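Note sheet for the following structure.
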Amino acid sequence: MSMAGKVRRPWFSRLVFLGVLLFLYLPLGVLVVNSFNASKYGGRWDGFTLGWYEKLRQDEATLAALGNTLKIAALATGASTLLGTLAAWCLHRYRSRLQSLHLVVTELPLAVPDIWIGVALQLFFIQAGWDLGFGTVLAAHVTFCLCYVTALMVGRLQGFDMQLVDAARDLGAGPVQVALRIVLPVLLPGMIAAGLMAFILSVDDFVITFFVSGPGGATLPAKVYAMARTSRNMPVINALSTILILATLLTALLGHRFLKPKSA
């Protein structure tokens, strides 16, 4: 009886694993296939075509939104990674009785729904007299990405021995040498992982951007939302989504290769 259980269990685990993979990736596979489908509606296969990719290449509004999205994501990633790393370092280095409160305040936005953050930021920008546009979208993206980066870097620093820094200073190393030769090598993998996550979150965000965007601040998710309201634009969305899926996959593979521990 026990032997039968041992034989069946691997097959059951594989079946569950296969079911999870199908649930996750089958919709993406259908989307990719339909991006090469000549049919406008995707209900049937009308032949192979690259016409939707050509139409996407000629769509200046979508390409402009894509460029806007990448610029905002790159700037937000750089700013949030730098500020989040500094915030995590201060929380780890300068401990006090209020540290738990500081951590709660830093990570509280992670538990707040995006729609409330979007409304709050919109009201803040309006009260401050800022015109909604590229700048407000960038500020909003830095704000919510900063929370994720700080949380990740605080976890990364938990295993960092601050005595290494003190020992280096006692041996005559300056602040710059300590930062570049001791602190940065330890934090760099975490910074890269946090930066990749911040970039993906920024590119993917729609709800917060919807409330704080204005002229010059349109991003790709908002453009896709507008295009999806008419079925004739779905093939172009499929083509665009296929390109983004491929780019995300390549980024994940590169990140995994870069962050993978090197064998001795």
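The values are calculated or read from the model by the stated rules, or taken from the named source; none is laboratory data. From a predicted model like this one, the values you see are computed outputs, not experimental measurements. All Cβ positions, glycine included, derive from the backbone under ideal geometry; neighbour counts span all protein chains shown.
Points to keep in mind about this one:
- Every condition in (1) in contact (Cβ under 8 Å) with a residue 12 or more places away in the chain; (2) hydrophobic (A, V, I, L, M, F, W, C); (3) more than 15 Å from Ser80 (Cβ to Cβ) is met by Trp116 except one, and the failing one is (1).
- Condition met for Val183 (at pLDDT below 90 and either touching a helix residue (DSSP H, G or I) at 6+ places or on another chain (Cβ under 9 Å) or of a type in the set (A, V, I, L, M, F, W, C) (or both)): yes
- The condition of being loosely packed, with under 13 Cβ neighbours inside 10 Å, within 27 Å of Asp204 (Cα to Cα) and modelled with pLDDT of 80 or more holds for only one of Ala151, Ala139, Ala128, Ala120, that being Ala128.
- Ala173 in a loop (DSSP other than H, G, I, E, B), of a type in the set (A, V, I, L, M, F, W, C) and surrounded by 16 or more Cβ atoms within 10 Å (Cβ to Cβ): yes
- Given (1) loosely packed, with under 12 Cβ neighbours inside 10 Å; (2) assigned to a loop (DSSP other than H, G, I, E, B), number of the condition Val104 does not satisfy: (2)
- If you go through segment 49-63 and keep only what is assigned to a helix (DSSP H, G or I) and either touching a residue at least 12 places away in the same chain (Cβ under 8 Å) or among the basic types (Lys, Arg) (or both), you end up with Gly51, Trp52, Tyr53, Lys55, Leu56, Arg57, Ala61, Thr62.
- Hits in segment 40-50 - residues which are of a type in the set (Gly, Ala, Ser), surrounded by fewer than 14 Cβ atoms within 10 Å (Cβ to Cβ) and either in contact with a helix residue (DSSP H, G or I) (Cβ under 6 Å, 6 or more places away or on another chain) or closer than 15 Å to Leu240 by Cα (or both): none
- In segment 8-39, the qualifying residues are those that are modelled with pLDDT under 80 and surrounded by 10 or more Cβ atoms within 10 Å (Cβ to Cβ), and the one that is nearest to the chain's Cα centre (by Cα) is Arg9.
- Residue within segment 102-122 that is more than 15 Å from Leu91 (Cα to Cα), among the hydrophobic types (A, V, I, L, M, F, W, C) and over 22 Å from the mean Cα position of the chain (by Cα) present: no
- Of all residues in segment 196-239 being of a type outside the set (S, T, N, Q) and over 26 Å from Gly135 (Cβ atoms), the one that is surrounded by the fewest Cβ atoms within 10 Å (Cβ to Cβ): Arg229
- The number of residues in segment 202-257 being modelled with pLDDT under 85, among the polar types (S, T, N, Q) and in a loop (DSSP other than H, G, I, E, B) comes to 1.
- Any hit, segment 91-107, residues being farther than 24 Å from Leu70 by Cα, in contact with a helix residue (DSSP H, G or I) (Cβ under 8 Å, 6 or more places away or on another chain) and of a type in the set (Lys, Arg): no
- Screening the candidates Thr81, Thr62 for the property of being closer than 30 Å to Leu146 by Cα and either exposed (fewer than 10 other Cβ atoms within 10 Å of the Cβ) or at pLDDT 90 or above (or both) yields one hit, Thr81.
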